[in-house]
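Just so it is clear, none of the values below were taken in a lab; they were calculated from the coordinates. Everything numeric in this text was worked out from a predicted model, so none of it was measured. Glycine gets a Cβ as well: all are built from the backbone with ideal geometry, and neighbour counts include every protein chain shown.
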Amino acid sequence: MEAPPTSGWSGKHAVELYVRTYTTMLQSSGDIKIESLVQAHLGMGSVLHPLAAQPQSDMGALLYAVRRLPAAISRCRRVVMGQSPQGFKAVLGAEIMGWEAVKAPARRRRWYHDGKNTLAVLIASTSDIDDLVPTLVAFQIEWNKLHRSLQDVGLSDEEARQAAGATPDDWRRLREAWGEQFDANLAAIKNDECRLVLRLIGGSHLGYARNASRWWLPVAAAMDDLGARDAPIYFVSSNAHSLVNVLTGVARRIEGEIVDWIGRSDRDLDTERRKLEAGHSRASRQNWLYYGARQVFDVHPERERLRKWRAELEAANGVRHIPAIGTGVDSAAQVFKLSKLDASTIDPRVGAVDERKLHDSDACIINVDYPLGEAAYHILRQVAEQAAWVAGVYVLGKAATLNADVGDVMIPNAVYNEHSGNTYWLDNCFTVGDVQPNLVYGSALDNQRAVTVRGTFLQNRDYLDFYYQGRYTVVEMEAGPYLDACYEIGQPDRYPVGESVNMAQAHFDLGIVHYASDTPYTQARTLGARGLSYRGMDSTYASAIAVARRILQREEALVSQR
C-alpha cells in the first residue's frame with residue numbers, strides 16, 4: 001500500500017495495541033477482568049463507540065453490543081470462550097451441552113448459560129475473540145454509564161430516558177432489544193455496576209482446524225446421499241436463502257399463498273406489492289416473493305405443511321440443507337447437485353438455461369452461510385482438502401463502504417488482509433455488467449480495493465483514513481482469509497505473510513462481490529434506513545443471480561466441451 005500519513009499510523013497502532021493487550025492477557029490460565037481492558041478500548045477511539053470516553057451514554061454502541069450478546073449477559077458476570085465442549089469439560093469439568101442454549105439476535109454463535117452467572121461460548125477462529133472482546137468491553141462501559149446516570153432518578157420510562165441522555169428513538173430500540181426484560185435490566189443496571197470477567201480455554205490453530213473438520217462431516221454425508229462425493233465443487237459463501245430461492249423457484253410456486261397471506265398479515269408489504277403491480281415501484285417482484293415467503297414459512301398457520309412441501313421439493317431438486325451442529329463453526333451449509341435442478345423453475349433473471357446440458361453436469365455447489373473472519377480460511381481449506389476438485393470460489397458478503405452508499409455493490413480487484421498482511425491482486429470474474437442489470441436501488445462499482453479487518457469495533461477514524469488514502473474503499477471481514485485459503489488450493493506451500501500475491505493465474509474461477517450494509521463516515525446509515533427491509537434484498541439478490549449465472553454458464557460450456 002502507499003505510504004500512510006503519520007496520523008494513520010497512530011490510529012492503526014492504537015488498534016494493534018488494544019489487540020495485543022487482550023491477546024496476551026487471555027494467555028493466562030485464569031479469569032481476566034474486563035475492567036483491565038477499558039483504557040486500551042478508550043485509547044483506540046473506535047468509530048463504533050465514539051462516546052466511549054465521554055460521561056454521556058453512547059446508545060448506538062450499547063445497542064450494537066446488546067444485539068450481539070445473548071440476553072442472559074445482563075444476569076451474568078463471567079464469560080468463558082472455548083473451542084469445543086470437550087475442552088470445557090477437560091479444563092472446567094463443565095458439561096456445557098447440558099446448559100441452556102441461548103442466542104444473540106444479530107450474531108451467529110453458540111452460547112450456553114449455566115442458569116446462574118456464567119456464559120460459555122464456542123469460538124470458530126481468532127476472529128471470534130476479536131469480535132467478542134471489544135463487544136463485551138463496550139457493553140460494560142455503557143452499562144456502568146447508565147448505572148451512574150440512574151442513581152438519583154426514578155425508573156419511570158421518561159425519567160430514565162432523560163437521565164441516560166437517550167433520544168426517544170434510541171430508547172424505543174433498546175426497549176425492543178431487551179423485550180420483556182427491559183424493566184428488570186434497567187433495575188439491575190441501577191442496582192449494581194457491571195464487573196465482567198473473561199477467560200479463554202484453548203485457542204490453538206489445530207483446535208480451529210479440528211472444528212472445521214467436524215463441520216465438514218455432515219456436508220460429506222449429504223454429498224454421499226446425492227451420489228456426488230467425488231463431484232467438482234463450486235464453493236459459494238453467501239447466506240442461507242439467496243441461492244436456494246434463485247435455483248429452486250420455491251417462492252414462485254406458492255405465489256398465490258404468499259400474496260394471500262401478506263394481504264392479511266402485513267399491510268406495509270402488501271402496499272408494496274400493489275405499487276409493483278401498478279408500476280409505481282421499481283423493486284423486483286421476485287425479491288418481494290422471496291421476502292414474503294420467509295413470513296409464510298415462519299408464521300403461516302399451515303407452516304408445518306408448507307415446510308414439509310418445501311423440503312420434499314428441494315430434496316427432489318438435489319438440494320440438501322446441513323445445519324451447523326455441535327461445533328464452534330456456526331455456519332449452516334447447502335449442497336446443490338446441478339444435474340437434479342429443474343431448469344424451468346430457476347429465477348428468470350439468471351437467463352436461459354439449457355436443461356439438457358444442466359442434467360449432464362457432474363458438479364455440485366456447496367453454499368456456506370458466511371462465517372466470521374478467520375473461520376472462512378478454516379472452512380474453505382477443509383472443503384478444498386476433501387473435495388475431488390474445486391472448480392470455482394465465489395464470495396458474496398456484507399461490507400462497509402468508504403466511498404459508496406448503503407445498498408451499492410462493490411467488486412474488488414485487490415484485497416489487503418490484516419490477518420496475514422498479504423495484498424492479493426485478482427482477476428475478479430465479476431464486473432459491473434454482471435450485477436447492475438438487476439440492481440434497482442443501488443449502483444455497482446468494480447475495480448475497487450478491499451481491506452479485511454480484524455473486527456467491527458477495531459477501527460477508528462485515523463485507521464479508516466489510512467486505508468482510504470491508499471484507495472481501499474471496502475471494509476469487510478472474510479475475503480482475505482478466503483484468499484489465504486485460495487492461495488493454498490493452487491500453490492505448493494502455505495499462504496505467505498506480508499507479501500503481494502498475484503491471484504490472476506488461479507486454476508479455478510474466482511469472484512468476490514460485496515454489498516454495502518453501512519457507511520462508517522456517515523453514522524447510522526444502514527440497510528434498514530432505506531425503508532422496508534425487503535429492499536435490502538436488492539443488492540443481495542442482484543449479486544446472488546450473478547453467482548448463479550456464472551456457475552451455470554461455466555457448466556454449460558464444460559458439458560459442451562465434453
Counting only residues 5 or more apart in sequence or on a different chain, those whose built amide H sits under 5 Å from that of residue 103 are 71
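What 222 nm value per residue comes from the helices of the chain, counting each DSSP H run with n ≥ 4 as -39,500 (n - 2.57) and dividing by all residues, nearest 500 deg cm²/dmol?
-13500 deg cm²/dmol
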From the Cα centre of the range 31-49 to that of the range 311-364, the distance in Å is 45 Å
In the chain, taking the dipole from +1 charges on Lys and Arg beta carbons and -1 charges on Asp and Glu beta carbons about the Cα centre, the listed residue (546, 379, 561) farthest towards the positive end is 379
Each label sits 7 Å from Cα toward the beta-carbon; between residue 425 and residue 33 the label points are separated, in nm, by 5.1 nm
Sorted by chain and number, the residues with a modelled amide H under 5 Å from that of residue 444, at a separation of 5 or more or across chains, are 409
Here the relative contact order (percent) of the chain, from C-alpha pairs under 8 Å and at least 6 apart, is 18 percent
Cross-link reach from residue 340 to lysines, straight Cα distance under 16 Å and at least 8 residues apart if same chain, gives 357
So the angle from the long Cα axis of helix 537-561 to the longest Cα principal axis of the chain, reported in degrees to the nearest 10, equals 40 degrees
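Please get the size of the charge dipole for the range 205-561, origin at its Cα centre, with Cβ charges of +1 on Lys and Arg and -1 on Asp and Glu, quoted in debye to the nearest 20. Let's see the in-between values first.
Details: 37 positive and 45 negative charges, 146 e Å.
In total the dipole reaches around 700 debye.
Send over the semi-axes of the range 205-561's equivalent ellipsoid, whole angstrom and largest first, taken as the square roots of 5 times the C-alpha gyration tensor eigenvalues. Walk me through the numbers on the way to the answer.
Numbers: eigenvalues 190, 141, 71 Å².
Result for the range 205-561: semi-axes of 31, 27, 19 Å.
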Too long for a 29 Å Cα-Cα cut-off, among 337/398; 89/337; 275/337; 275/308; 12/116, are 89/337; 275/337; 275/308; 12/116
Under 5 Å from the placed amide H of residue 390, counting only residues 5+ away or on other chains, we find 233
Under the 7 Å Cα-to-Cβ spin-label approximation, residue 214 and residue 315 lie apart by a distance in nanometres of 2.7 nm
Filtering GluC sites (Glu not before Pro) in the range 266-307 by DSSP loop and by at most 15 other Cβ atoms within 10 Å leaves 302
Under 14 Å by backbone N from the virtual spin label 7 Å along Cα-to-Cβ at residue 153, the residues of the range 182-212 are 186-187, 190
In nanometres, the difference between 0.36 nm per residue of separation and the alpha-carbon distance of residue 432 and residue 176 is 88.3 nm
Note to self: C-alpha centroids of the range 380-407 and the range 261-284 sit apart, in Å, by 33 Å
Dipole check, the range 105-237, charges on Cβ (K,R +1; D,E -1), about Cα centroid: among 234, 105, 211 the Cα furthest to the positive pole belongs to 211
Dipole check, the range 205-561, charges on Cβ (K,R +1; D,E -1), about Cα centroid: among 441, 288, 350 the Cα furthest to the positive pole belongs to 288
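Which trypsin sites (Lys or Arg not before Pro) in the range 139-240 sit in a loop by DSSP (not H, G, I, E or B) and have at most 13 other Cβ atoms within 10 Å of their own Cβ? Working shown, then result.
Values: sites: 145, 148, 161, 172, 173, 175, 190, 195, 199, 210, 214, 229; in loops: 195, 229.
Hits after loop and neighbour filter: 195.
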Here the FRET efficiency for residue 97 versus residue 386, based on Cβ atoms and R0 = 25 Å and rounded to 0.05, is 0.45
